[in-house]
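Asker: Take a look at this one; I'll ask things after.
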């Protein structure tokens, strides 16, 4: 098996390291934060992701996965180095902040004294790989024996382990046959399963992730725009989505209307792509992405407006329970979460907001201590005049509304995910409002 390194131990890095180690590769993972490395070495996963804790524990116990803060040790022990650091939004623009990527290459290069392949997995602006390849060649002692490849990640939070072990495609941007062979050896298990293996140039590999996320975001905002039209015309967005989804050119996935998308990838990636396209003189062609973002933001505003309507026009003093804080189920990621965004806007309108989430509340309390959280569903809904369902956890779908009747002060629920059964709630005496389809 191949000797690998993983640079960066955030969501992508920890998942990739644990999964590669589980396949039998020898993996050493690096982070510049000693406390994070100590915690990971003890087998503690710093975020919630199904299956990952067990995988990490087994990988460490097998000896296939170790952690370090030392660049020299990393370079000595591995032949293929995966770059998995973050590329967040810049503080002063929509462009990607490349400081972590640039810093990692600058720190790694002087220690590359033997032939190696550095493999970028981070989502970066097109043109980055060519620049980094030149930087490595100039600054690594091994010079031209150090190659760069680009291998974008396509992880879905909540499914990251399976997406790594059993991906739907593997894309690599390389300039040498030997680099392709090295990555074929790394991903041999997936290739043997029949996973498509696509070789491209650097620029194409960089653009694949940006294109995929932009398409998905556009599809979500498309159906949400039609949800508004359905509301205005008295139509049903779910039936509409089912009907057009049977067209194989369109497909049904990502056509679920609701409060919109969030998380650490889609919002920042579409903004970064638009910024890069503008730099390349293509601002007009990619203006549609600004509209995609605006539609997405309007969904959150719509939920707040619905709550105002139910409250008689003003939210001051109205007790509202928000069901969900993570941007999606099976995750504790609250970055750009529609649920948390709506909760904070309701608070700004004067509402007495209580937030519940099965997993994400520790993160909410740490990052947003001003938000009132309730650990139990019973505590969260007690005294509520309005419930707002914003993260589609199975726990919320399975609620028996009749069991809440004695706890709440008002039987009103806004289903921002269009997932709750209409008849079940109405039969229990509730008024239910959806986004783009008839409620009660």
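The values are calculated or read from the model by the stated rules, or taken from the named source; none is laboratory data. Everything numeric in this text was worked out from a predicted model, so none of it was measured. Glycine gets a Cβ as well: all are built from the backbone with ideal geometry, and neighbour counts include every protein chain shown.
Asker: Does segment 291-305 include one or more residues that are in contact (Cβ under 8 Å) with a residue 12 or more places away in the chain and not in a helix (DSSP H, G or I)?
Answerer: no
Asker: Is it fair to say residue 257 is at pLDDT 95 or above, buried (at least 20 other Cβ atoms within 10 Å of the Cβ) and either assigned by TED's automatic domain parsing to the domain that holds residue 415 or within 22 Å of residue 152 (Cβ to Cβ) (or both)?
Answerer: Answer is no for this residue.
Asker: Oh, and also: I'd like the full set of residues that are out of contact with any helix residue (DSSP H, G or I) (no Cβ under 8 Å at 6 or more places or on another chain) and either in the same structural domain as residue 90 (by TED's automatic domain parsing) or assigned to a loop (DSSP other than H, G, I, E, B) (or both), limited to segment 270-286.
Answerer: Residues satisfying the conditions are 280, 281, 282, 284.
Asker: Kindly check whether there is at least one residue in segment 408-416 that is modelled with pLDDT of 95 or more, crowded, with 17+ Cβ neighbours inside 10 Å, more than 30 Å from residue 12 (Cβ to Cβ) and under 26 Å from the mean Cα position of the chain (by Cα).
Answerer: yes
Asker: Collect the residues in segment 16-31 that are in contact (Cβ under 8 Å) with a residue 60 or more places away in the chain and more than 16 Å from residue 61 (Cα to Cα), keeping them in residue-number order.
Answerer: 16
Asker: State the number of residues belonging to segment 306-317 that are assigned to a loop (DSSP other than H, G, I, E, B) and either touching a strand residue (DSSP E or B) at 6+ places or on another chain (Cβ under 8 Å) or modelled with pLDDT under 95 (or both).
Answerer: 2
Asker: Also, quick follow-up: Given 5, 62, which one is modelled with pLDDT of 95 or more and buried (at least 19 other Cβ atoms within 10 Å of the Cβ)?
Answerer: None of the other options fit; the residue is 5.
Asker: Can you find a residue that is assigned to a loop (DSSP other than H, G, I, E, B), buried (at least 20 other Cβ atoms within 10 Å of the Cβ) and touching a strand residue (DSSP E or B) at 6+ places or on another chain (Cβ under 7 Å) anywhere in segment 420-432?
Answerer: yes
Asker: With closer than 28 Å to residue 10 by Cα, without any contact (Cβ under 8 Å) to a residue 60 or more places away in the chain, part of a loop (DSSP other than H, G, I, E, B) and out of contact with any strand residue (DSSP E or B) (no Cβ under 9 Å at 6 or more places or on another chain) as the only criterion, which of 254, 261 stands out?
Answerer: Exactly one residue qualifies, and that residue is 254.
For every residue, the table says whether it meets (1) modelled with pLDDT under 95; (2) surrounded by 20 or more Cβ atoms within 10 Å (Cβ to Cβ); (3) at negative phi; (4) over 18 Å from the mean Cα position of the chain (by Cα).
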| position | (1), (2), (3), (4) |
| --- | --- |
| 319 | no, no, yes, yes |
| 323 | no, yes, yes, yes |
| 327 | no, yes, yes, no |
| 334 | no, yes, yes, no |
| 337 | no, yes, yes, no |
| 341 | no, yes, yes, no |
| 348 | no, no, yes, yes |
| 365 | no, no, yes, yes |
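Asker: Next question, about the same structure. Out of curiosity, is residue 249 over 18 Å from the mean Cα position of the chain (by Cα) and without any contact (Cβ under 8 Å) to a residue 24 or more places away in the chain?
Answerer: Yes.
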